[in-house]
1. Scanning segment 125-134 for residues that are assigned to a strand (DSSP E or B) and over 14 Å from the mean Cα position of the chain (by Cα), which turns out modelled with the highest pLDDT?
2. When only residues in segment 106-127 that are touching an Asp or Glu at 6+ places or on another chain (Cβ under 8 Å) and polar (S, T, N, Q) count, which is surrounded by the most Cβ atoms within 10 Å (Cβ to Cβ)?
3. Condition test on G4, is it modelled with pLDDT under 75 and within 29 Å of the chain's Cα centre (by Cα)?
4. Of all strands (runs of 3 or more DSSP E) completely enclosed by segment 59-122, which ones contain at least 2 residues that are without any contact (Cβ under 8 Å) to a residue 60 or more places away in the chain and among the hydrophobic types (A, V, I, L, M, F, W, C)?
5. Considering only segment 88-115, how many residues are within 17 Å of the chain's Cα centre (by Cα) and of a type in the set (S, T, N, Q)?
6. For segment 91-134, enumerate the residues that are touching a Pro at 6+ places or on another chain (Cβ under 7 Å) and closer than 16 Å to T62 by Cα.
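The values are calculated or read from the model by the stated rules, or taken from the named source; none is laboratory data. Every value quoted in this text rests on a predicted model; they were computed, and no experiment measured them. Neighbour counts run over all protein chains shown; Cβ positions are idealised from the backbone, glycine included.
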Amino acid sequence: MEAGQRWTEFTRWNQLPGPKQRWINPPQFGDSVTSDWATWLTNAINDLQGPTKGLSPPQVTTISHPGAVHVVWNEVNQATSYSAYETSSAISPPGVPFATVAANVGAQANGVMRFNLNDTTVRYYSVVAITQWGRSQPSVAVPGAALAVAATVIPVSQTPVNQNGVGGGVGGGGGLFGRGQGPNF
């Protein structure tokens with residue numbers, strides 16, 4: 001087979017429908033310059049078409065906080081950003097993300113805090129990884145619920161409100177006996 005026929009066969013194979021395939025062995029031509037060029041072109045095609053298998057979805061977990069849920073996931077290789085979703089059931093598909101988070105390049109984990117949750121309803125959270133070539137499937141939806149928001153604590157003073165014996169103070173009480181402010185027994 002001549003060089004032109006091999007190149008035609010090489011390019012025709014790349015146009016077939018179906019899953020993308022990595023080019024492992026570029027066609028070899030008689031001269032080294034043409035072979036080097038074919039190797040370079042093969043590598044460029046492989047880089048442009050992206051990964052050959054689907055992108056793995058992140059693994060997600062949740063951490064409960066008062067009035068909030070922290071959604072945390074592992075970084076996916078080559079991800080540029082993530083979409084975080086909240087749904088009412090584990091089987092419902094995600095709709096519009098409540099947050100889009102930039103990739104935490106060089107780290108092992110990423111996350112987003114879901115604030116303003118005024119109840120302790122269980123919600124389900126999933127994350128989709130986004131790369132320059134596309135999106136992963138949604139992660140497995142994991143449950144998360146905000147902790148109840150604690151009531152505001154009003155500190156109690158340790159100094160008496162009234163030091164003349166009326167109105168109490170720490171521990172309450174009334175007037176002090178023997179000073180003319182209470183009954184004499």
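1. So the first thing to find is which residues in segment 125-134 are assigned to a strand (DSSP E or B), and the list is 125-131, 134.
Now restrict to residues that are over 14 Å from the mean Cα position of the chain (by Cα): 131, 134.
Numbers: T131: 89, G134: 85.
Looking at residues that are assigned to a strand (DSSP E or B) and over 14 Å from the mean Cα position of the chain (by Cα), I get T131.
2. Of the residues in segment 106-127, the ones touching an Asp or Glu at 6+ places or on another chain (Cβ under 8 Å) are 107-110, 114, 123-125.
Applying the additional criterion that residues be polar (S, T, N, Q) yields 108, 110.
Details: Q108: 7, N110: 23.
It comes out as N110.
3. No.
4. Values: elements: 60-65, 68-74, 81-87, 99-102, 109-114.
Filter on segment 59-122 gives 99-102, 109-114.
5. Pass one, segment 88-115, residues within 17 Å of the chain's Cα centre (by Cα): 90, 93-115.
Remaining after also requiring of a type in the set (S, T, N, Q): 100, 104, 108, 110.
Residues that pass the stated criteria total 4.
6. V122, Y124, S126, V127, V128
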